[in-house]
Amino acid sequence: MQHQIQDYIPKQALPKVIELLNHDKLSVKIKRERKTRHGDYRRLPNGKHEISINSNLNEFRFLITLIHEIAHFEAYQVYGKFIKPHGKEWKITFQHLMLPFLNPEVFPISLLPLLALHFKNPKASSDTDINLSLALKQFDQPNNKTYIFQVPIGCMFKIHNGKIFKMGNKRVKRYEGVEVKTGRIYLFNPNAEVELIET
């Protein structure tokens, strides 16, 4: 387990992470990228518990995702199986588990104020915290993607599943994309990454 995890998280976080993962009934699997989630937690039929994390995450997002999923396991152990997946019990557990990592030995100083704000009331996904999500993406490997908030109105773009859209207007927080094939309007978060189509 230690050799598997150490390549994916900040070095200073490793001892504490190993301590959190020291359960006979808990295992971690590192998976190829899944577009709909960074990680997940499952109770298995044999009574064991499994966490899976996407291998393509940068070390800071990987650590946050890992602790997010460990919090599901810990909340289950303490509060039982009838709690809401991202309810108050999970939030309290996530905050408690994350606190020892929120220091400049683990995270860049530029991220710490955003993380402190986020963990006052953690959400089901760090991607819904736009400021934190954009700040974390600075540490991703370079790619040919553009944030949707940077796409000019009227330009064409493609999303991960190959669907093509024409850029629409900004609403209060999200951006309209008109699917070319159907004419349907979809709403995108500002930090959605898309591929511009040259016309």
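The values are calculated or read from the model by the stated rules, or taken from the named source; none is laboratory data. If you're wondering where the values come from, they're calculated on a predicted model, not measured in any experiment. Cβ: placed from backbone, ideal geometry, glycine included. Neighbour counts: every protein chain shown.
For this structure, a couple of remarks:
- Subset of the stretch 1-22 (residues that are of a type in the set (A, V, I, L, M) and not in a helix (DSSP H, G or I)): Met1, Ile9, Leu21
- Number of positions in the stretch 1-55 that are β-branched (Val, Ile, Thr) and more than 21 Å from Phe101 (Cβ to Cβ): 1
- Given (1) assigned by TED's automatic domain parsing to the domain that holds Gln12; (2) at positive phi, number of the condition Gly183 does not satisfy: (1)
- Scanning the stretch 66-83 for residues that are in a helix (DSSP H, G or I) and among the hydrophobic types (A, V, I, L, M, F, W, C) yields Leu66, Ile67, Ile70, Ala71, Phe73, Ala75, Val78.
- Subset tally (residues that are more than 14 Å from the chain's Cα centre (by Cα) and part of a strand (DSSP E or B)) for the stretch 32-48: 2
Yes/no matrix, rows are residues, columns are (1) in a strand (DSSP E or B); (2) surrounded by fewer than 16 Cβ atoms within 10 Å (Cβ to Cβ); (3) outside the structural domain of Asn103 (by TED's automatic domain parsing):
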residue: Asp24; (1), (2), (3): no, yes, no
residue: Val28; (1), (2), (3): yes, no, no
residue: Glu50; (1), (2), (3): yes, no, no
residue: Ile53; (1), (2), (3): yes, no, no
residue: Ile64; (1), (2), (3): no, no, no
residue: Pro85; (1), (2), (3): no, yes, no
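- Residues being modelled with pLDDT of 90 or more and out of contact with any strand residue (DSSP E or B) (no Cβ under 6 Å at 6 or more places or on another chain) - total across the stretch 168-180: 3
- Only one of Ala71, Ala75, Ala116 that is more than 17 Å from the chain's Cα centre (by Cα) and among the hydrophobic types (A, V, I, L, M, F, W, C): Ala75
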